[in-house]
Amino acid sequence: MLSLGLEDATVLVTGGSRGIGSAIVTLLAAMGAKVAYTYRQNHNDQLPGLALQADVTDPAAMDAVSEKVERALGPIYGVVANAGITRDRVFTKLTATDWDDVIDTNLTGLYNTLRPIVPKLYEQKAGSVVCISSISGERGNVGQINYGASKAAAIGFTKSLSREAARYGVRANAVAPGFIETDMLKPIPDAVKERILEDIPFRRFGKPEEIAWAVAFLLSPVASSYVTGTVLRVNGAHHT
Ligand code: NDP
């Protein structure tokens with residue numbers, strides 16, 4: 001029987017309470033990983049794993065998360081930096097608060113999440129980091145200047161980290177989902193959704209589980225051992 005080799009691996013998923021994050025938590029737990037996940041305010045008692053309330057914009061809270069996970073589940077092997085938000089508005093209506101909220105969560109949150117953990121991955125000479133970017137970070141999107149900037153930055157972050165981390169046997173990759181059916185799509189009006197669907201060769205939005213499988217592949221020390229510094233697009237050919 002073959003496996004992805006994630007049995008008993010300790011993995012932290014940020015923003016694991018809903019949507020893509022909860023699909024990642026569920027899949028990894030089913031593969032036998034020891035999963036911990038964070039959330040900001042919506043506790044989800046249906047999920048397996050260790051749930052920790054922690055805002056990724058709070059560096060002290062994220063330091064505490066890494067300590068709590070290690071104490072409860074052992075040394076961390078995998079990190080999925082998934083927590084993210086949108087505050088969509090065209091540029092002329094974008095406020096400084098919209099800008100700060102998105103950059104603080106999607107980009108500084110990435111730094112806060114990884115800052116206490118990456119040195120430990122280097123010490124143990126093993127680990128895999130997966131950052132959740134977005135199609136908007138690669139091709140841009142109307143109304144998403146703040147979000148697109150944060151998600152493009154996540155790719156730059158990941159690529160630089162992969163180059164630094166390689167000498168320690170640690171990998172870093174990004175997943176760039178297309179439009180995925182989660183709460184994040186709810187504010188988009190139906191007419192706009194119809195137009196987006198016309199632009200997706202698969203003619204449907206993605207499912208959270210389809211992102212989870214891509215993440216599992218990139219975490220796997222077996223399946224993706226020579227994959228680092230890459231961006232895996234999961235978007236139904238919406239952007240190629
Ligand atoms: P959801 O809105 O469904 O879930 C977001 C998750 O992130 C929740 O668990 C939420 O916690 C958590 N979160 C948000 N802000 C914070 C914070 N400050 N600190 C800690 N946790 C936080 O989003 P998706 O599942 O759709 O998105 C997940 C990731 O995928 C995001 O990075 C998003 O940008 C990216 N993505 C999504 C796409 C889509 O179409 N859905 C497309 C491309 C990328 P709580 O439940 O407590 O609020």
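The values are calculated or read from the model by the stated rules, or taken from the named source; none is laboratory data. Bear in mind that the values here come from a model prediction, so they are computed numbers and not experimental data. Cβ: placed from backbone, ideal geometry, glycine included. Neighbour counts: every protein chain shown.
Could you pull out the residue among 64, 54 that is touching a residue at least 12 places away in the same chain (Cβ under 8 Å) and within 15 Å of the ligand (Cβ to nearest atom)? Before the answer, list the steps.
Numbers: 64 fails: touching a residue at least 12 places away in the same chain (Cβ under 8 Å).
Being touching a residue at least 12 places away in the same chain (Cβ under 8 Å) and within 15 Å of the ligand (Cβ to nearest atom) holds for just one of 64, 54, which is 54.
Of all residue pairs spaced 6 or more apart or on separate chains, those with beta-carbon atoms under 6 Å, a first member in segment 225-240 that is within 20 Å of residue 80 (Cβ to Cβ) and at pLDDT 95 or above and a second member that is outside any loop (DSSP other than H, G, I, E, B) and of a type in the set (Lys, Arg) are 228/171; 229/159.
With respect to the conditions (1) surrounded by fewer than 12 Cβ atoms within 10 Å (Cβ to Cβ); (2) within 21 Å of residue 13 (Cβ to Cβ), residue 237 falls short on a single one, namely (2).
Entry remark, segment 132-171: residues being away from the ligand (no atom under 16 Å from the Cβ), small (Gly, Ala, Ser) and surrounded by 19 or more Cβ atoms within 10 Å (Cβ to Cβ) number 2 in total. Among the residues of segment 186-200, not a single one is surrounded by 14 or more Cβ atoms within 10 Å (Cβ to Cβ), under 22 Å from residue 81 (Cα atoms), of a type outside the set (Asp, Glu) and within 12 Å of the ligand (Cβ to nearest atom). The numbered conditions (1) surrounded by 14 or more Cβ atoms within 10 Å (Cβ to Cβ); (2) of a type outside the set (A, V, I, L, M, F, W, C); (3) near the ligand (Cβ under 10 Å from one of its atoms); (4) free of Cβ contacts under 8 Å to residues at least 24 places away in the same chain are all true for residue 100 except (3). Listed by first and then second residue, the pairs with beta-carbon distance under 7 Å, at least 6 apart or on different chains, first residue in segment 19-47 and at positive phi, second outside any helix (DSSP H, G or I), are 19/182; 32/6; 32/7; 32/8. Of the helices (runs of 4 or more DSSP H) lying entirely inside segment 1-113, those containing at least 1 residues that are within 24 Å of residue 218 (Cα to Cα) are 19-30, 59-73.
In summary, helices (runs of 4 or more DSSP H) completely within segment 124-211 and bearing 3 or more residues that are touching a Gly at 6+ places or on another chain (Cβ under 7 Å) and closer than 18 Å to residue 106 by Cβ occur at 135-139, 145-165. One residue stands out among those in segment 1-16 that are within 13 Å of residue 48 (Cα to Cα) and in contact with a Ser or Thr (Cβ under 8 Å, 6 or more places away or on another chain): the one that is farthest from the ligand (Cβ to nearest atom), which is 12.
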